[in-house]
Amino acid sequence: MKILVCISKTPDTTAKIAFTDNNTKFDGNGVQWIINPYDEWYSLVRAIELKEADASVVIHLVTVGAADADPIIRKALALGGDEAIRVNADSHDSYYVASQIAEVAKQGSYDLVFTGKETIDYNGSSIGGMLAELLDLPYIALASKFELAGTKAIVTREIEGGEETCEVALPAVISCQKGMAEARIPNMRGIMAARTKPLKVVEPVSADSLTGIQSFSLPPAKAGVKLVDPENVSELVRLLHEEAKAI
Amino acid sequence: MSVLVYIDTADGHVKKASLEAMTYGSKIAEQIGTSAEAVVLGPVNDDLTSLGKYGIKKIYNVANDSLNHLDAQVYTKVVAQVADAAGAKVIVFSNNTNGKAIAPRLSARLKAGFVSGAVALPETSPGFTVKKSVFSAKAFANVSVNTDIKIIALNPNAYQTIATDGTAEVISFNANVDPPKVKVTNVTKASGEVPLTEAEIVVSAGRGMKGPENWGMVEELAKTLHAATACSRPVADAHWRPHNEHVGQTGIAIAPNLYIAIGISGAIQHLAGVNRSKVIVVINKDPEAPFFKAADYGIVGDAFEVVPKFTEAIKKLKGVS
């Protein structure tokens, strides 16, 4: 069983969101970069759990990014991946990124590809679906549980107001979210081992970008909170009804 | 040429998010001088002709036993066939659970530029630029689409549904449908309750409630407001409430008209999941709780005293005792 886990580098969840170059670029100044939480906590950790249950499982990590993504990949390797592949390209177009990962996936003939349900920066929820289509594989988005059952997988996915359990034949592409696994932190042994695990850098294949970010903007600041006396709760109801027209 | 809207259904009923997508799609059609059409797969119990009131002129219905449950691979191929027949230049999805499974696949299949999480109508002269939510609703990006066919996934609750007069022509479309590779074995639904992502009002509570046994007053308030219930991450992690109620950065992102947060301090990760809400009310006994900075209305007070009074005052407003 070979699993490919897609990893993305994102700003820390508490990072200040600001833009430079006339609002065309994210301001990375002083920002701490992390493994996208959905990629780490849910897809990578679930893959590690599968390996712990069956030592024959092999986990490869893939990321599309420049050399500044290497510390993130080392951290992922410290958590438990076997080896990593970095496609040496910088792009924010999901089709371009998916095309690069598809190429890696084709060469490695994986039984399973995990992605996070989205990245916390661009919130695209796109790579998994695009990858599945480029590889002509089944795709289950927003998985919250995953179990292997021979050549099949039993997957629970989120639907509006509930969840759905399905069986899918492998190979398949799965996008992972909360519920798949619990967050872990790397231990010292993992960190030491990660230093010598292979991190292969490959050059990108030719692929098109279908979209481009023109500019960023921030939402208007809130006017400020209107505080209501706890002894006069009916005033809050009046404000919500008459002023905010929310009830 | 047309704008094609994907109509999503649950148990044969058209989802609210799809009504928004239809209104949105018909506005784009007006903008680029074409007509809005729609596609719906699988069994439908609703009267499709009446969806004309959201600006849809023609609906392609594909009924086939292989489409009774979502297999994104199978669905994508069918939507691609309809898009081709309809000469679709813009294809609109709701950015909901099924939209997230199908739309990116269709983008790769048609090699059509895809923008997910759209929050406003595109700018179409010149070019084609869509405003989308990024950085977990802490910012927006204007994204240009460079391809002949464009695919947009509209965030739920980001665009107001407008109903007018009109009737849609419904045609039964014969598509090649592959046998599904995904077999749905079980569906669990919170019956009779409002799905969290579609709710107009959400009542959410956090660690300030002290324990799961105190959720009665939260549920009572939610029931009075016909609201969905939600919770913060520590509450879900402590198993006080189910994980599917967890809103925030790593849980579900929601955008209701009214979000009421009780005993939630408002960590930045929580705000990331709820700051698209139109009106935010915070009830917390700590005046320093960061959530007050993101709130429109607030009460600094003990939830155990404030919440029952709040529920009573709403009942009075609604004329129920």
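The values are calculated or read from the model by the stated rules, or taken from the named source; none is laboratory data. For clarity, every value in this text was computed on a predicted model and none was experimentally measured. Glycine gets a Cβ as well: all are built from the backbone with ideal geometry, and neighbour counts include every protein chain shown. What goes into the accessible areas is simple: the full protein's heavy atoms, side chains included, and nothing from ligands, DNA or RNA. Shrake-Rupley method; radii C 1.70, N 1.55, O 1.52, S 1.80 Å.
To put it simply, the accessible area of the protein assembly as shown at a 1.4 Å probe is 50 percent carbon and sulfur. Rounded to the nearest whole angstrom, the semi-axes of the ellipsoid equivalent to chain A, taken from the Cα gyration tensor as √(5λ), stand at 36, 24, 19, largest first. Taking a label point 7 Å from the Cα of B:Ile171 along the Cα→Cβ vector, which residues of segment B:1-20 have an amide N closer than 12 Å to it? Within reach of a label on B:Ile171: B:1. Taking 0.36 nm per residue of separation and subtracting the current Cα-Cα distance, fully stretching the chain between B:Thr124 and B:Ser35 would add 30.5 nm. Rolling a 1.4 Å probe over the protein heavy atoms leaves A:Ile72 with an accessible area of roughly 20 Å². Relative to the longest principal axis of the Cα atoms of chain B, the long axis of helix B:97-110 makes an angle of roughly 30 degrees.
Using protein chains only (no ligands, no nucleic acids) and a 1.4 Å probe, work out which residues of segment A:1-48 have their accessible area cut by at least 30 Å² relative to the chain alone. Checking the loss per residue gives A:Thr13, A:Thr14, A:Ile17, A:Tyr38, A:Trp41.
Write down the Kirkwood hydrodynamic radius of segment A:25-80, to one decimal in angstroms, obtained as one divided by the mean of 1/r over all alpha carbon pairs.
It is 12.7 Å.
Inter-chain Cβ neighbour count for A:126-137, averaged per residue, equals 6 (cutoff 10 Å, partner chain atoms only).
DSSP bridge analysis restricted to segment B:2-172 gives an antiparallel fraction near 25%, rounded to the nearest 5.
Which residues does a label at B:Lys183 reach in segment A:157-192, if reach means a backbone N under 16 Å from a point 7 Å past the Cα toward the Cβ? Counting backbone N atoms under 16 Å from the label point, the list is A:165-171. Taking a ≥ b ≥ c as the square roots of the eigenvalues of the Cα gyration tensor, segment A:117-223 is rounded, since a/c falls below 1.5.
Over the protein assembly as shown, with the other protein chains present, what is the accessible area per residue in square angstrom, probe 1.4 angstrom?
I get 40 Å² per residue for the protein assembly as shown.
Regarding segment B:2-172, what's the average projected area of the Cα-atom convex hull, expressed in nm²? About 8.9 nm², averaged over all directions. Principal axis analysis of the Cα atoms in the protein assembly as shown yields extents of 67, 63, 51 Å, listed in decreasing size. For segment A:2-216, the share of DSSP beta bridges that are antiparallel, to the nearest 5, is 45%. For B:Ile162, A:Ile185, the ranking by accessible surface with the largest value first comes to A:Ile185, B:Ile162, using a 1.4 Å probe. Maximal additional length on extending the A:Asp90-A:Asn22 stretch stands at 22.5 nm, based on 0.36 nm per residue less the C-alpha distance.
For the peptides A:221-233, B:253-265, B:301-313, A:25-37, the ranking by packing is B:253-265, B:301-313, A:25-37, A:221-233, with the highest mean count of neighbouring Cβ atoms within 10 Å listed first.
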